[in-house]
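Student: Can you keep this structure in mind? I'll have questions shortly.
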Amino acid sequence: MAKLKQVLKQVFNRKDRPYSRHLIEKVRYILKFYKRMPRIKKALSFSSGSSKVAMIDKYKPVRVLLPLIETSHYKCIQLLLIAKALELRGATVKVVICGEALNACEIRSVEKDNHPDPCWRCRFNQHNYLPLFNLDFITLKSLLNVEIGPMIINTPDLGKIAEEATTRHFYGAVPNSASLQRETYDRYLRTAEMSLRAAIASHMSFQPTLVLGYMMAYAEWAPWYNYYNSVSIRFRHIGSTQFSAHAQHFHWPQLFENSNRFKKYIQTRSDSYLNDTERIQLQEYFNKRYRTDDVLKKLGLGKKLIGLDKIKYRLNIDTTKRNIFLFSSVLWDVGISDLGGLYSTVLEWVFDSIRIVAGEHDVHLYIRCHPAEQVDSSFAITLEKQIHNEFPKLPDNVTIISSSNEISSYSLFSFIDLGVTFIGTIGLEMLQTGIPIVCTGKAPYAFLSSVAAPQTRDEYREMLIDGTGLPTLNQEEIDLFQYFYFLRTPIPWSLTRHAYIADILEPLPFHSLETLLPGNDKHLDHLCACLIDDNLSPEAWPD
């Protein structure tokens, strides 16, 4: 009871009011934690009852830094499990947490601007959950006290980070109030400055050889990623993937940079084409995905596979024309601007595509707004609104398919003469059905010989209007890359019940820390090995 009182004192804030929804939220979370804590604590202990075990020297020279910062997202538990596994293999590990040093962060969006105690969940987990991992935790505040000498911190990169964080804060709907914009921008700029200072201090004081992360965008994480890349210290990202609820995704930036990851995986194979078993696996994957997979349903993005005649009628599709379908990315999502190609932003690309087709009576452009726009926030500004702001009267041959439209994007495939994407994976799915595509951003598949990647606006225009410059589809290459991207980049994960769309307080599905030792989980062994050795192919995980 004394412990519970101490915890309640840590969590509750004087600004809470009796029976307020914030107070109820806290009580529910604490009760859930204490109900599940015995199982979680057991899983994070050795069966002998000891908190430690004889360390393995395999990774002894490795010094791992994990800038976790936030401690209220389910992903942080997964990264802590990986960090613990690395420590058990001999690595020295330090974990950086915020400790309420920042007054602007990714989880404190416009929806929480009026929350009386926005840090409470991170604070609770810091005091009650994280100690169970028995890792070396340090706070941002302690790093900010490290003397690092004079430095220029108000760089263009930090300004860009603060601008994107401000846009993300308002889900794209940045208010017209100049003072509110500036106040929000200044808070995120301060966060970016503090994060950069902490990154430099961590380098000076700890000298890591590997930086492990689950975020590379936003004001609290981007400076870490940018700084450690600038000093050539390996930063490796472990993230979730929509392709599987039970898998980890290994350092996705490599997939967008060039074709090296794909080539490295090919070198681990005996054949440069799919065998019969792999073809069946790929087809089964697409069959499930086209039915709208379980992950998308949980996100609220599941759409109906409506009959083709109804779609044709609802969208007034004239099959005698050249029908181009443009599939947009979420325009305000942070990090998208770093993936620009022919166009630097999603809006620039969409607006110019409309201008190019305007007046072309034999061509009709359908713009499919990303379904995620409808579920993230009631505060968000949608692509549809932005288009209408730019074009009060749309050209007659342009149709917007709203993000809230119940029609599945897959149902549209039968009517597509040409698909156009920025970075979206739907480009790969169109290729799978034989639809030619044009990619205008740095998509992971943009290097394929089957993909049209225009270098100039004139090339793009010709591809849209009459198909000039579109390559012949190489189905063997397409199939192999799809197998690589959809079925191999997700590395199987069983250390939490879910890797994607999870509950941070889910009971851990193993019985003791011995599970994290080498030889007990082949996929964890592979993931750790890939973090240490860049010569390994992450996608060549053991079946």
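Nothing in this text is a laboratory measurement; each read-out follows from the coordinates by a stated rule. Since the structure is predicted, the reported quantities are computational estimates derived from the model, not experimental observations. FYI the Cβ positions are ideal-geometry reconstructions off the backbone, even for glycines, and counts take in every protein chain you see.
Student: Residue by residue through region 421-434, which ³J(HN,Hα) values in whole Hz follow from phi under the Karplus form 6.51 cos²θ - 1.76 cosθ + 1.60 (θ = phi - 60°), with glycine and proline marked x?
Tutor: Going residue by residue, I get 9, 9, 9, x, 6, 4, x, 5, 5, 5, 4, 4, 9, x Hz, with x marking Gly and Pro.
Student: Between Thr468 and Asn520, what is the label-to-label distance in nm when each label sits 7 Å out along the Cα-to-Cβ direction?
Tutor: Roughly 6.5 nm, to one decimal.
Student: Oh, and also: At what distance in nm do the modelled label points of Ile233 and Thr433 sit from each other, each positioned 7 Å from its Cα along Cα→Cβ?
Tutor: Simple spin-label model gives 4.8 nm for this pair.
Student: Through the Karplus equation 6.51 cos²θ - 1.76 cosθ + 1.60, θ set to phi - 60°, convert the phi angles of region 240-250 into ³J(HN,Hα) values in whole Hz; use x for Gly and Pro.
Tutor: Result, rounded to whole Hz: 8, 9, 6, 6, 7, 7, 10, 7, 10, 10, 9.
Student: Over region 55-187, what per residue volume does the convex hull of the Cα atoms give, in whole Å³?
Tutor: Taking only Cα atoms, region 55-187 has a hull volume of 145 Å³ per residue.
Student: Quick one: grab Rg to one decimal and Dmax as a whole number for the chain, Cα atoms only, in Å.
Tutor: Calculated on Cα positions, Rg and Dmax stand at 24.6, 76 Å.
Student: Where in the chain are the helices, taken as whole DSSP H runs, whose Cα atoms extend 18 angstrom or more along the long axis and whose Kyte-Doolittle mean reaches at least 0.0? The partial results should precede the final answer.
Tutor: Working: long enough: 21-43 (32 Å, -0.72); 74-88 (22 Å, 1.20); 156-169 (19 Å, -0.97); 178-206 (41 Å, -0.38); 276-290 (21 Å, -1.74).
Result, helices passing both filters: 74-88.
Student: For region 21-39 and region 187-265, what is the centre-to-centre distance using only Cα atoms, to the nearest Å?
Tutor: Rounded to whole Å, the Cα centres lie 32 Å apart.
Student: Now a separate question. Cα atoms only, region 430-543: Rg and Dmax in Å?
Tutor: When restricted to the Cα atoms of region 430-543, Rg and Dmax are 20.4, 62 Å.
Student: Sticking with this one: For region 161-303, state the semi-axes of the equivalent ellipsoid (square roots of 5 times the eigenvalues of the alpha-carbon gyration tensor), sorted largest first and rounded to whole angstrom.
Tutor: Those come to 36, 25, 11 Å.
Student: Can you compute the modelled spin-label distance between Ser494 and Thr319, with each label point 7 Å from Cα toward Cβ, in nm?
Tutor: Label-label distance for Ser494 and Thr319, simple model: 4.8 nm.
Student: If you place +1 on the Cβ of every Lys and Arg, -1 on the Cβ of every Asp and Glu, and leave all else neutral, what size is the dipole of the chain about its Cα centre, to the nearest 20 Debye? Provide the component values of the computation, followed by the final result.
Tutor: Numbers: 63 positive and 58 negative charges, 573 e Å.
Dipole size: approximately 2760 debye.
Student: Continuing with this model, one more query. So which GluC sites (Glu not before Pro) in region 102-192 are both in a DSSP loop and have at most 12 other Cβ atoms within 10 Å of their Cβ?
Tutor: Here the GluC sites (Glu not before Pro) that fit, given the DSSP loop and packing criteria, are Glu147.
Student: For a quick check: sort Arg269, Arg368, Arg28 by the number of other beta carbons within 10 angstrom, fewest at the front.
Tutor: Fewest-to-most ranking of Arg269, Arg368, Arg28: Arg28, Arg269, Arg368.
Student: If we count other beta carbons within 10 Å of each Cβ, what is the order of Val350, Val357, fewest first?
Tutor: Numbers: Val350 25, Val357 20.
Listed from fewest to most nearby Cβ atoms, that is Val357, Val350.
Student: Scan around Val93 for amide H atoms under 5 Å from its own, H built in the peptide plane at 1.01 Å from N, and keep only partners 5 or more places away or cross-chain.
Tutor: Val64
Student: Can you give me the Cα centroid spacing of region 497-529 and region 310-331 in angstrom?
Tutor: The distance from the Cα centre of region 497-529 to that of region 310-331 comes to 44 Å.
Student: Still on this structure: Rounded to the nearest 0.05, what FRET efficiency do Asn535 and Arg190 have when you use their Cβ-Cβ distance and R0 = 30 Å?
Tutor: 0.15
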